[in-house]
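The values are calculated or read from the model by the stated rules, or taken from the named source; none is laboratory data. Bear in mind the structure is a predicted one, so any value in this text is a computation, not a measurement. A quick note on method: Cβ atoms are made from the backbone with ideal geometry, for glycine too, and the neighbour counts reach across all protein chains shown. To get the accessible areas, we keep the full protein, side chains included, count just its heavy atoms, and leave off ligands, DNA and RNA. Shrake-Rupley method; radii C 1.70, N 1.55, O 1.52, S 1.80 Å.
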Amino acid sequence: MAKPITCRETTYLVIGARDEPLSSSEIDALAEHLKTCSHCQVANKQFSQLFAQLDTLLARDVKP
């Protein structure tokens, strides 16, 4: 079994996954950390909501 990741590493993975797919080992490490860390569970939900809002705003046809 791989070394558990930290909360900081979890944050980098969640944000990084927005730009490029995670490797299978990164996905597994992230899932394992999120199972046990309530702080990162909350942060992960907040990032998901933020990313959804950004997608909505970027999809709008905004005219200057």
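Tabulated data for the structure shown
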quantity	calculated
Accessible surface of the chain [probe 1.4 Å, protein heavy atoms]: carbon and sulfur percent	58
Accessible area expressed per residue, the chain, with surrounding protein chains retained (probe 1.4 Å, Å²)	83
Positive minus negative residues near Val14 (Lys, Arg vs Asp, Glu; Cβ under 15 Å)	-2
Thr36-Ile15 FRET efficiency (beta carbon distance; Förster radius 25 Å; 0.05 resolution)	0.80
Simple Cβ-charge dipole of the chain, Lys/Arg +1 and Asp/Glu -1, about Cα centre, in debye nearest 20	240
Anisotropy class of the chain from Cα gyration tensor, a/c 1.5 cut	prolate
